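Notes to accompany the following structure.
The values are calculated or read from the model by the stated rules, or taken from the named source; none is laboratory data. On a predicted model such as this, the values are computed, not experimentally measured, just so you know. Heads up, the Cβs are rebuilt from the backbone with ideal geometry, glycines too, and the neighbour counts pull from every protein chain shown. Note: areas computed on protein heavy atoms with side chains; ligands, DNA, RNA excluded. Shrake-Rupley method; radii C 1.70, N 1.55, O 1.52, S 1.80 Å.
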Amino acid sequence: MPTPQRRSASPADKADKELLFKGVTCALIGLVVLVAPYVARSPSVQDMMARSAL
């Protein structure tokens, strides 16, 4: 019985996965920046981060 050959990922597949990872990372950073003023305990941090709120 022949063994199945593994197909290496094409460069386009690798690029798509890398772009997806970068997009998700950017979205998470943006979410943290927008939520930070509401969960920060220090008033000075709240004031500084409030400028980035919606």
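Observations on the structure shown:
- For the residues VAL24, VAL45, the requirement of being open to solvent by less than 100 Å² (accessible area, probe 1.4 Å) and modelled with pLDDT under 85 singles out VAL45.
- Within the stretch 22-46, being touching a helix residue (DSSP H, G or I) at 6+ places or on another chain (Cβ under 8 Å) and outside any helix (DSSP H, G or I) holds for one residue alone: ALA40.
- The set of residues in the stretch 1-21 that are modelled with pLDDT under 90 and open to solvent by 100 Å² or more (accessible area, probe 1.4 Å) comprises MET1, PRO2, THR3, PRO4, GLN5, ARG6, ARG7, PRO11.
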